[in-house]
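What follows is a set of notes on a single structure, which appears directly below.
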Amino acid sequence: MMSAQVRRPNGALLLCLLLTVLLGAVLLSFGTGPLKLPAVDVLRAMAAQFGLADPQSISARDMGVVWQLRIPRALLGALVGASLAMAGVALQGLFGNPLADPGIVGVSQGAALGAVAAIVLGAGAFAVWLIPLAAFAGGAGATTLIYLLARPGRGEGTATLLLVGIAIGAGCSAAVGFLTYIASESELQSLVFWQMGSLAQASWSDVAAVTPVFVIGLLALLRLATPLDMLALGERQARHIGLDVARTRLLLVAFSALLVGAAVAFAGSVSFVGLVVPHLVRMLVGPGHRWLLPLSGVVGALLIVVADTATRTLDPPSEIPLGLFSAALGAPFFLWLVLRKRGGRA
Amino acid sequence: MSTPLLELRGVSVQRGSRQVLAGVDLALLAGTLTALVGPNGAGKSTLLALLAGDAEPDAGKATLHGRALADWPVRELALQRAVMAQDHAVHFAFSVREVVAMGRLPHPPQPRQDAEIIEAALLEVDVAALAGRDVQTLSGGEAARTSLARALAQQTPVLLLDEPTAALDLRHQERTLRSARELAAQGRCVVVVLHDLNLASAYADRIVMLYEGRIAADGSPREVLTREIIGKVYGQPVQVIEHPTRGVPLVVACDD
């Protein structure tokens, strides 16, 4: 009988390989867009910024495009992609369900509601950093609510999780709709951004704001790799092998909401990254979270950087919103997963 | 008489209006294989959950080494007792060896020794040939044996098994209880929930028979497995004869 033997490739090697690919994609994205720049000019612009090359050797316009637009945009994209993918891994581990995704189970919508509420109710104008904070609070609130209503072993499996997620997502979207309705003209502009998901307004200050949040989330989740492995046995069994399940749950909710909140606050809702990426990476290295988490982060970053570069290259000079692009890519994949899962064991 | 490792004193558990356990006293010793038997709904799994520290009694006390189970830090508890629950599902496609290796997580890592313990556990329950398999592709019995191997790898003084033989074929049923008896002989306290009275008869040092949340009988297989007790507790007429080779009682169901 042919048996499904599990083979595990070298995680460290894969990580190096994928990081190299990511670096390549990020560098390529600097020169790609409505204004195409040869690699030499990109390098010159970067060198000039650090005083390593003569500033006269490159036009102020090219300099601005590379340094003020493309570099922060690629960096923000990488951070957002990595955040969403790792939050996806954490949520899937928490729910014991490979179909959990920040966008599908309503966490992103909760975060969006937080951000939108902050803008419309005026807190955003009071202090800009309140917007990501509100997004985090919204994401954490939604995650907690979903968890209480559809926790593994209580509510029955995938169906409950998805239905609860849909209900919470719809509730949050309705609240966002109401806030949009009462919003002023100028607020409306920034609101559309959240619903579509885009990196077009990325700036260095965004990168600076997301980076510390991302680093905290990354380190915290990496420390939770073994607990996530243990949770795969079920909550009761995880406790039998020494896991403080209640504490682990709390940490997973908090840090995945932190990552989703940061991503949503600066890039709007970009769905399916948290679903697609962990799946692909699991096929590659297996379900062990020690490698699944960092590799998902890298692949998530890669996916967003490539997708975002594509959105501004496919139909220049206009841009396809990134959220639309990722949804178009992710929806068929999600459907395939659900149908495949139904065909096999639940 | 040595002091009991695990002890229940006057424990009661209420689920809604149903009294699942009513004032149970039970002291479990090291070096003993105890079988928990009884009809469906008698409270066996609830009792095991109390012993495992998964649930707290509504009244009474459940202690391990004299300390209330609820007061044990989870990690320290995992060094004292291993549990094989009835649910063997694993959410993601870990390999059999990876799942068994999780049994070593409560212990400080010692790579070489851990690897030996894991291999020994795989061999003990006869899943060594499946070690590289994705656990989500296993049959019910193979999954159950994988769970048992994980519990064995934990190497704890107390081992609690909830219907470990439910999904197993005849040979693996016997094999599982032989393992359990060996562990008890080495000084562990092993508690096994069983439905098969003849497995309990052949392997257990002590049988505790539950009926409607109370202990109906407690003693050696020969003391507990009598026609009168089984007939009353299970509501099923039986004959108890001598096992042809094992020298233990053999329970055979009869018509009225």
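Go through the range A:1-57 and give me each residue that's within 23 Å of A:Ile304 (Cα to Cα) and polar (S, T, N, Q).
To start, the set of residues in the range A:1-57 that are within 23 Å of A:Ile304 (Cα to Cα) comprises A:11-39, A:42-43, A:46.
Selection gives A:Thr20, A:Ser29, A:Thr32.
Being under 22 Å from A:Gly165 (Cα atoms), charged (D, E, K, R) and surrounded by fewer than 24 Cβ atoms within 10 Å (Cβ to Cβ) is true for just one of A:Arg340, A:Arg290, A:Arg282. Which residue is that?
Criteria check complete, one pass: A:Arg340.
Search the range A:158-173 for residues that are at negative phi and pair each with any residue that is of a type in the set (Phe, Trp, Tyr) and surrounded by 15 or more Cβ atoms within 10 Å (Cβ to Cβ) when their beta-carbon atoms are under 8 Å apart and the residues are at least 6 apart or on different chains.
That search, which allows pairs on different chains as well, returns A:Leu161/A:Phe95.
Are there any strands (runs of 3 or more DSSP E) wholly within the range B:28-109 with 1 or more residues that are closer than 24 Å to B:Ile207 by Cβ and within 12 Å of chain A (Cβ to nearest Cβ), and if so which?
Passing ranges, in order: B:81-84.
Quick check on this structure: which one of A:Leu43, A:Leu99, A:Leu13 is assigned to a helix (DSSP H, G or I) and either exposed (fewer than 14 other Cβ atoms within 10 Å of the Cβ) or in contact (Cβ under 8 Å) with a residue 40 or more places away in the chain (or both)?
After ruling out the rest, the residue left standing is A:Leu13.
Just to be sure I understand, how many residues within the range A:241-251 are touching a residue at least 24 places away in the same chain (Cβ under 8 Å) and within 14 Å of chain B (Cβ to nearest Cβ)?
Of the residues in the range A:241-251, 2 are touching a residue at least 24 places away in the same chain (Cβ under 8 Å) and within 14 Å of chain B (Cβ to nearest Cβ).
Residue by residue through the range B:139-168, note down the ones that are touching a Gly at 6+ places or on another chain (Cβ under 9 Å), modelled with pLDDT of 95 or more and at negative phi.
B:Ala149, B:Arg150, B:Ala151, B:Leu152, B:Ala153, B:Gln154, B:Pro157
Restricting the search to the range B:110-137, which residues are buried (at least 23 other Cβ atoms within 10 Å of the Cβ), away from every other protein chain (no Cβ under 12 Å) and touching a residue at least 40 places away in the same chain (Cβ under 8 Å)?
Matches in the range B:110-137: B:Val125 only.
Can you pull out every residue in the range A:51-65 that is under 29 Å from A:Val299 (Cα atoms) and either without any contact (Cβ under 8 Å) to a residue 12 or more places away in the chain or in a loop (DSSP other than H, G, I, E, B) (or both)?
Residue satisfying the conditions is A:Gly64 alone.
Between a residue in the range B:20-35 that is closer than 26 Å to B:Gln173 by Cα and any residue that is crowded, with 17+ Cβ neighbours inside 10 Å and among the small types (Gly, Ala, Ser), which pairs come within a Cβ distance under 7 Å, given they are 6 or more apart or on different chains?
Taking only residues 6 or more apart or on different chains, the pairs are B:Gly31/B:Ala184; B:Thr32/B:Ala184; B:Leu33/B:Ala180; B:Leu33/B:Ala184; B:Leu33/B:Ala204; B:Thr34/B:Ala204; B:Ala35/B:Ala200; B:Ala35/B:Ala204.
The values are calculated or read from the model by the stated rules, or taken from the named source; none is laboratory data. Just so it is clear, the model here is predicted, and its values are computed rather than measured. Don't worry about glycine lacking a Cβ; one is built from the backbone with ideal geometry, like all the others, and counts go over all protein chains shown.
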